[in-house]
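Each remark here refers to the structure printed beneath this line.
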Amino acid sequence: MESEPSIFDVILNQRACRQFRDDPVSDELLERCLRAATHAPSAENLQPWIFVVVREAQQRRALGELCSQAWERGGRAHSEDRLPAPLFRDVDAAAQSGFETAPVFIVVCGDSNVGLAQTLPSSVFPAAQNLLLAAAGCGLGTAMTTLATAFRNELMELLELPSHVLPLAVLPLGWPQRPLGPPKRIPFQEKTYRDRFSSPW
């Protein structure tokens, strides 16, 4: 039996996936990822996260369309001059149609009846990060996107969310269409200081 990668292997190699094969993802793998998500820290340990797992083709198309609309109505213009050309092409293709190729979407939400509105993002995003890492550890691809949340009301209506459950991110998830390779990262030394900003690491 193949051994699982170490936590550091997963962290150092996890990266966004924007093109997916149409192979199904089992409930068993999804449950492993969701269980990992719920072991994230949260303010006062209130655990205000809610996950909506979307598999229905019509629902996935509708989610993809919301991403595409948000991209067309401002996302592209915002990103075009900010991203390197190869990355922009990848993001552009995914935002227009690539995300729809994912066999699963996980919509990560915050329950404002459980957590304070001010701390919902800081409580829910660690759960999303755990989910991303768990998926990578299982060989799955994911991406963190908030494009569809630009249409919060439409997204809530699509998912039949009550008014106190707020969508914060949409994670397409599936088997990567191609090997992703290691992520490009600025060395931590360039972002770290000792005791004060005037003292580089």
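Derivation of every value follows stated rules applied to the coordinates shown; laboratory data play no part. This is a predicted model, so every value here is computed, not measured. Virtual Cβ from ideal backbone geometry, glycine too; neighbours counted across all protein chains shown.
Based on DSSP H segments of at least four residues, each scored -39500 (n - 2.57), the chain has a per-residue ellipticity at 222 nm of -11000 deg cm²/dmol.
So what is the relative contact order of the stretch 7-177, in percent, for Cα pairs below 8 Å that sit 6 or more residues apart?
40 percent
For VAL104, the residues whose amide H sits under 5 Å from its own are LEU173, ignoring neighbours fewer than 5 places away on the same chain, with H placed 1.01 Å from N. In this structure, the amide hydrogen of ALA169, modeled 1.01 Å from its nitrogen in the peptide plane, lies closer than 5 angstrom to those of VAL108, counting only residues at least 5 positions away or on a different chain. Selection among PRO162, GLY181, SER42 by position relative to the dipole of the chain gives GLY181 as farthest towards the positive end (Cβ unit charges, Cα centre). Counting only Cα atoms, the chain measures 51, 47, 41 Å along its principal axes, largest extent leading.
With the cut-off at under 13 Å, measuring from each backbone N in the stretch 48-70 to a point 7 Å along the Cα-to-Cβ line of THR119 picks out 48-49. Taking GluC sites (Glu not before Pro) in DSSP loop conformation with at most 15 other Cβ atoms inside 10 Å as exposed sites, the chain has its longest uninterrupted site-free stretch at 57-159. Derived scalar couplings between HN and Hα for the stretch 143-154 equal 8, 9, 9, 10, 3, 5, 6, 5, 10, 4, 4, 5 Hz in order, rounded to whole Hz, by the Karplus curve 6.51 cos²θ - 1.76 cosθ + 1.60 (θ = phi - 60°), x for Gly and Pro.
Across all directions, the shadow cast by the convex hull of the stretch 1-79 built on its C-alpha atoms averages 8.5 square nanometres.
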